[in-house]
């Protein structure tokens, strides 16, 4: 199961779904508030949505990585293997660079300028050659997420990373933001038996920037 980042929707996994589909049953759902999935009006849980599609191996990028990690900690018996790509981490102390980016995006959304908010995201996370591909996905997610008042998101209690018993691969691009490189190193050093792979020339969306390299790592890790 491939869980997308907040920069796009399930379509960002198109290169991985095509490559993995011959050997695996691949599911790449849109998370609530992205793609084909409206944002719920009532309190909801991303983790519960994912658990309803398990058992599976989980591959998550960025926000999808944080959801995959929380899911594996909450329901390890349903997760065969875990791959975290440029993953977020709950309760991380974000850098000034990240806080400034979030503030700029939120200000554009408050003004109702979703085009500007989308461009802030695209310019922050993606190289120019990939922005046209992700722009419709990012714009769609902003429309869904601002359609009504933001609902409460319910998260399960977070056990310590040291308790995670699921085989784990941590992947990060060497051109990703420093926060995410630090998170990758922290998870790899804390989760028992976790392996860290740094992908040269890749930014935050490794599967978009360096699809062949990510596909190779996924094949190698998931088929054992």
Expected unfolding gain across residue 196-residue 174 under the 0.36 nm per residue rule, minus the alpha-carbon gap, is 6.7 nm
If only Cα atoms are counted, what is the Rg of the chain, and what is its Dmax, in Å?
16.5, 50
Ratio Rg/Rh, restricted to segment 1-121 and using Cα atoms, in which Rh is the Kirkwood radius
0.99
Stretched out fully, how many nm does the piece from residue 162 to residue 223 gain, at 0.36 nm a residue minus the Cα gap?
19.5 nm
Candidates 148, 186, 204, ranked by Gaussian network fluctuation over the chain, Cα under 10 Å, top entry:
148
Could you work out the relative contact order of the chain? I mean the mean sequence separation of Cα pairs under 8 Å and 6+ apart, divided by the number of residues, in percent.
24 percent
What is the distance in Å between the Cα centres of segment 150-164 and segment 1-63?
18 Å
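Based on the Kirkwood radius over alpha-carbon pairs, what is the Stokes-Einstein translational diffusion coefficient of segment 160-224 at 10 °C with 1.306 mPa s viscosity, in µm²/s?
Values: Rh = 12.2 Å.
Answer, rounded: 130 µm²/s.
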Based on the Cα coordinates of segment 96-145, what is the per residue volume of their convex hull in Å³?
61 Å³
Given a Förster distance of 30 Å, report the FRET efficiency between residue 93 and residue 154 from their Cβ-Cβ distance, rounded to the nearest 0.05.
0.85
Once you have the Kirkwood Rh of segment 1-70 from its Cα pairs, apply Stokes-Einstein at 25 °C and 0.890 mPa s and quote D in µm²/s.
199 µm²/s
Evaluate the distance, in nm, between pseudo-label points positioned 7 Å from the Cα of residue 41 and of residue 111 along their respective Cα→Cβ axes.
3.1 nm
Efficiency of FRET from Cβ geometry, residue 77 and residue 100, R₀ 35 Å, rounded to 0.05
0.30
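Which value in deg cm²/dmol, rounded to the nearest 500, describes the helix-derived mean residue ellipticity at 222 nm for the chain, given -39,500 (n - 2.57) per DSSP H run of n ≥ 4 and division by the residue count?
My calculation for the chain gives -13500 deg cm²/dmol from helical runs alone.
Rule-based calculations on the coordinates, nothing more; no lab input. As the structure is a prediction and not an experimental result, all values here were calculated from the model. Cβ: placed from backbone, ideal geometry, glycine included. Neighbour counts: every protein chain shown.
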